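The values are calculated or read from the model by the stated rules, or taken from the named source; none is laboratory data. This structure is a prediction, so every number in the text was calculated from the model and none was measured. All Cβ positions, even for glycine, are placed from backbone atoms using ideal geometry, and neighbour counts span all protein chains on display. What goes into the accessible areas is simple: the full protein's heavy atoms, side chains included, and nothing from ligands, DNA or RNA. Shrake-Rupley method; radii C 1.70, N 1.55, O 1.52, S 1.80 Å.
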Amino acid sequence: MWIGIRRVLVAAALFSNAFVQAETFEFVALGDTAYTLPRDLPIYEKLIARINAADPAFSIHVGDTWGALECTEENHQWVRGWFGKFEHPVVYTPGDNEWTDCRRPEILEAYLRIVQGEGKPEDLALIGRLRQLDQAYAGTSYADTLEILRTIRRVFFSEPKSMGGEPMALVRQPDVTDFDEVAENVRWRHQGVQFVTVNVPGSAMGFTINDAERAQEAIARNRANVAWIKHAFEQATSEDAAALVIAMHGSMFDEGSGSDAFGKPLRGGELGPYYWIALAIRDLAAVYGRPVLMIHGDDHEFIVDRPFLVSQGESELPKFSNITRLQVYGAPELKAVKVTVDTETPWVFGFEPLYATP
């Protein structure tokens, strides 16, 4: 009799644990926010209020925290202040606008005057000269982007925790691997799902063939990114994670038909700046076999699709069908996406736009 009761209790406990593990949750993804200042700030504030009202487990900001702003520590601290308005944890991965694309102050000021319709003849002449061969090749318009990246790491990633009103613990890549610089690459786990960010910005991932120092940084970061993606899949497999989410800034795919390697054309071509990131996700996801969600911004258009999927004809299932891509909204549409996670469903992820209230 006691054995029968004990079996019932054990079964009930296992069922209870399974129920807890399978509990659905929601998180929010957003990026490419507040491009036009100060116009966009009231909208951004309302969007944050709307996200707070949705009460997600956490939010992921996939970069481009401004459109064109001087890349100073003061301005990065200002962005961190905005992250403090989120009442829950916020995880951030940098976009190109806040480091790889940063221009010298006088260049930025001339550009902004032109965009606002207030450009002076000398502004037009300055921008025109920068587009000519010698100055363009010399990269004379850029600020010290590598020093700016160091500033970003110091301001946002000096501690192993998120930002927001209720910070959560994160694991940074330097904490668990030999790559000691890329503190912005982090991972965490929630309700049986593995999450990871990688520093993959737009603008060709920061790689430029006419600047040796910047090219070397991009190569080193790419090596760290690939290693971190491999680490994430290893963790997801060893911990029996039901799914894996990979967040970055840069859009790696163009529209159109791809090849037998990728369902959509890879931006920059195969063996281009995004190739090794895309290949790592593709091949490791195929071995992992469970749902993988890739989140990014950069192109300012809400898209849910499967750019890795390659058809094998009517007689065979398509390859790489377990990878879904979410591209978030971006300015001028300051909106976010609420992602529902239900590991009891085959698809796991559901998507719903979040708008700022009028």
- Near-label residues of segment 318-338 by backbone N, under 19 Å of a point 7 Å along Cα→Cβ of residue 239: none
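Could you report the chain's accessible area per residue, 1.4 Å probe, as an integer in Å²?
Values: 16910 Å² over 358 residues.
Each residue of the chain exposes 47 Å² on average to a 1.4 Å probe.
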- Message: Report for the chain the percent antiparallel among DSSP-assigned beta bridges with both residues inside it, nearest 5.
- Response: 55
- Amide N of segment 190-214 lying under 16 Å from the label point, which is placed 7 angstrom from the Cα of residue 276 along Cα→Cβ: 198-201, 204-209, 213-214
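Using DSSP to define loop residues, name the trypsin sites (Lys or Arg not before Pro) in segment 106-137 whose beta-carbon has at most 13 other beta-carbon atoms within 10 Å. Could the numbers behind the result be given before it?
Numbers: sites: 113, 129, 131; in loops: 131.
Listed in order of number, the matching sites are 131.
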- Task: Using label points projected 7 Å from each Cα along Cα→Cβ, tell me how many nm separate residue 175 and residue 57, to one decimal.
- Result: 1.7
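Could you calculate the FRET efficiency of residue 146 with residue 287 from 1/(1 + (r/R0)^6), where r is the beta carbon distance between them and R0 is 45 Å, rounded to 0.05? Mind dumping the intermediate values first?
Details: r = 35 Å, r/R0 = 0.77.
For residue 146 and residue 287, the calculated efficiency is 0.85.
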- Computed FRET efficiency, Cβ-Cβ of residue 120 and residue 75, R0 22 Å: what is it to the nearest 0.05? 0.35
- Message: Can you compute the modelled spin-label distance between residue 189 and residue 136, with each label point 7 Å from Cα toward Cβ, in nm?
- Response: 5.0
- Stokes-Einstein D for segment 62-157 at 37 °C, 0.692 mPa s, Kirkwood Rh over Cα pairs, in µm²/s? 224
- In degrees from 0 to 90, rounded to the nearest 10, what is the angle of the helix 41-54 Cα long axis to the longest principal axis of the chain? 0
- Message: Quick check: pseudo-label points 7 Å beyond the Cα along Cα→Cβ at residue 166 and residue 355, how many nm apart are they?
- Response: 2.8
- Helix axis angle, 73-83 relative to the chain longest principal axis, alpha carbon, degrees: 30
- Message: Quick check: the distance between the Cα centres of segment 307-358 and segment 77-146, to the nearest angstrom?
- Response: 31
- Message: For the chain, set up a GNM with springs between Cα atoms under 10 Å and report which of 186, 310, 176 has the largest fluctuation.
- Response: 176
- Which GluC sites (Glu not before Pro) from segment 302-357 combine a DSSP loop assignment with at most 11 other Cβ atoms within 10 Å? 314, 316
- Message: How tilted is helix 121-130 with respect to the longest principal axis of the chain? Cα atoms for both, answer in degrees (0 to 90, nearest 10).
- Response: 60
- Work out Dmax and Rg for the chain from the C-alpha atoms and quote the Rg first, both in angstrom. 21.9, 94
- Message: If the reach is capped at under 23 angstrom between alpha carbons, list the lysines near residue 46, excluding any in the same chain fewer than eight residues apart.
- Response: 85, 335, 338
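Roughly how large, in nm² to one decimal, is the mean projection of the convex hull of the alpha-carbon atoms in segment 197-324? Don't jump to the answer; show the numbers that get you there.
Numbers: hull surface 32.6 nm².
Average of the hull's projected areas for segment 197-324 equals 8.1 nm².
Determine the share of segment 302-358's accessible area contributed by carbon and sulfur atoms, expressed in whole percent, with a 1.4 angstrom probe. List each step's numbers first, then the result.
On the way: 1510 of 2880 Å².
Carbon and sulfur: 52 percent of the exposed surface of segment 302-358.
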